[in-house]
Amino acid sequence: MPIRIPAQLPAKEILEQENIFVMEEERAVSQDIRPLNILILNLMPEKQKTEAHLLRYLGNTPIQVNVSFLKMTTHDSKNTSKYHLDTFYKPFSEIKEKRFDGMIITGSPVEHLPFEEVDYWEELQDIMNWSKENVTSTLHICWGAQAALYHHYGINKHELPQKCFGIFEHEVLQPNENLVRGFDDYFLAPHSRYTDISYEEIANHPELQILAHSDKAGIFLMGSKDGKNIMATGHLEYSATTLAEEYHRDHQRGIQTQLPENYFPNDDPKETPLHRWKSHCSLLFSNWLNYYVYQTTPYEWD
Ligand SMILES: CC(=O)SCCNC(=O)CCNC(=O)[C@H](O)C(C)(C)COP(=O)(O)OP(=O)(O)OC[C@H]1O[C@@H](n2cnc3c(N)ncnc32)[C@H](O)[C@@H]1OP(=O)(O)O
Ligand SMILES: N[C@@H](CCO)C(=O)O
């Protein structure tokens, strides 16, 4: 089945070039298996890139996935046009009476700030509170994961001595959990962050479990034991060149970020990096959609 997204969303062209079958919102579908309704709260500054990153994997499922995009009303976006947000994104006031089978809360480059200094923090807290009753399972990425750990479980982030930047190897710690079903014992994933969370605090929290960990990059994947909240500290959804773009951006700005570890062939930033994590990204998204969303969500919400 295809992925169903707002008509004219620019990511559509990219996805179609990759042979991902996309259906525009206007086209009706009737079938016994009802489509899954997924809400994306896109907090990344380069929203169009992130739309393509996520839709690529949400589109790889036998179940139709209806995607809606949520925007913050308490934040004026610097890097995304008002036209794009007004055309493709809805404010919380328009969706809060609805229920969603799944939600994704993305990363955001605000990790240097205490949560309370992020201008949309209160609105985000309202959305996270609303999700307890109105969303079956939420997948949080990078800063979104840190925000969920702080808001739902009282676990704060801390600064790292240097940016955690590169492609790191992770060990699956709970191979029987459905979220990592089919994963190899060890897998690669990109990280790009200046902050981290404490292994001990997560391991000792009665509601949480750690699913995948790296000796170098720390925890990659964890979740609440009830499957309601999944947190990924890295960016499996990143394309092959995203870390290179971040690296070159910083160097052009005079910020001497270290070379991303285990990334450029021969550690040469002029060479083109290979995409060595996409099969596990596909697996993570399809496991989440299958087990935590489709098999858990009510067929009809009361
Ligand atoms: C830790 C993670 O989750 S990783 C994910 C973040 N990484 C990325 O997004 C990589 C791509 N990003 C980038 O390359 C850069 O952020 C750029 C080039 C797009 C923007 O660079 P700058 O304009 O210098 O960034 P600046 O630091 O001013 O702001 C970045 C974003 O943080 C937002 N921001 C800054 N301060 C605040 C604040 N107090 N409250 C809320 N948002 C804030 C900005 O508004 C902007 O987001 P927006 O476009 O959605 O409005
Ligand atoms: N991934 C981010 C880290 C900033 O929070 C970047 O380098 O843009």
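Please treat every number below as a calculation from the coordinates, not as lab data. It should be emphasised that the depicted structure is a prediction, and the values quoted were computed from it without experimental measurement. Cβ placement follows ideal geometry from the backbone for every residue including glycine, while neighbour counts extend to all protein chains displayed.
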Open item on the list: Is there a quick way to get the dipole size of segment 133-200? I mean about its Cα centre, with the Cβ of Lys and Arg at +1 and of Asp and Glu at -1; what is the value in debye to the nearest 20?
Closed with: 280 debye
Task: Extension reserve of the residue 278-residue 296 stretch, reckoned as 0.36 nm per residue once the Cα distance is removed - done: 3.9 nm
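Given Cβ point charges of +1 (Lys, Arg) and -1 (Asp, Glu) and nothing else, what value in debye, to the nearest 20, does the dipole of the chain about its Cα centre take? Intermediate values should be presented prior to the final figure.
On the way: 27 positive and 44 negative charges, 101 e Å.
Using Cβ point charges on Lys, Arg, Asp and Glu, the chain gives about 480 debye.
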Open item on the list: Past 23 Å, Cα to Cα: identify those pairs from 12/96; 132/216; 47/82; 157/228; 216/278, in the order given.
Closed with: 12/96; 132/216
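For every helix of n ≥ 4 consecutive DSSP H residues, a contribution of -39,500 (n - 2.57) applies; sum these over the chain, divide by its total residues, and give [θ] at 222 nm rounded to the nearest 500 deg cm²/dmol. Please report the intermediate quantities before stating the final value.
Details: 9 runs with 81 residues, N = 302.
Theoretical 222 nm ellipticity from helices: -7500 deg cm²/dmol.
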Open item on the list: Based on the alpha carbons, how large is the Rg to Rh ratio for segment 13-149 when Rh follows Kirkwood?
Closed with: 0.95
Task: Dipole of the chain [Lys/Arg +1, Asp/Glu -1 at C-beta], most positive-end residue of 156, 7, 218 - done: 7
- [ ] Compute the separation of the alpha-carbon centres of segment 136-159 and segment 59-130 and state it in Å as a whole number.
- [x] 15 Å
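Considering every Cα-Cα pair within segment 110-269, what fraction, in whole percent, is farther apart than 19 Å? Can you show the working numbers first?
Details: 7233 of 12720 pairs.
Value for segment 110-269: 57 percent of Cα pairs lie more than 19 Å apart.
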- [ ] Report the normalised scattering of the chain as log10 I(q)/I(0) at q = 0.11, 0.13, 0.14, 0.16 Å⁻¹, calculated by the Debye formula with identical scatterers on the alpha carbons.
- [x] -0.65, -0.93, -1.11, -1.51
Open item on the list: Give me the three principal axis extents of segment 73-171 from the C-alpha atoms, as integers in angstrom, largest value leading.
Closed with: 41, 31, 27
- [ ] Take every Cα pair under 8 Å in the chain that's 6+ residues apart, average their separations, divide by the length, and report that relative contact order as a whole percent.
- [x] 16 percent
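With r defined as the distance between the Cβ atoms of residue 125 and residue 267 and R0 fixed at 45 Å, what FRET efficiency is calculated, to the nearest 0.05? Please report the intermediate quantities before stating the final value.
Details: r = 42 Å, r/R0 = 0.93.
It comes to 0.60.
Stretch residue 209-residue 81 to full length: gain in nm at 0.36 nm per residue minus the Cα-Cα span? Before the final figure, lay out the partial values.
Details: separation 128, 0.36 × 128 = 46.08 nm, distance 3.88 nm.
Once the chain is fully extended between residue 209 and residue 81, it gains 42.2 nm.
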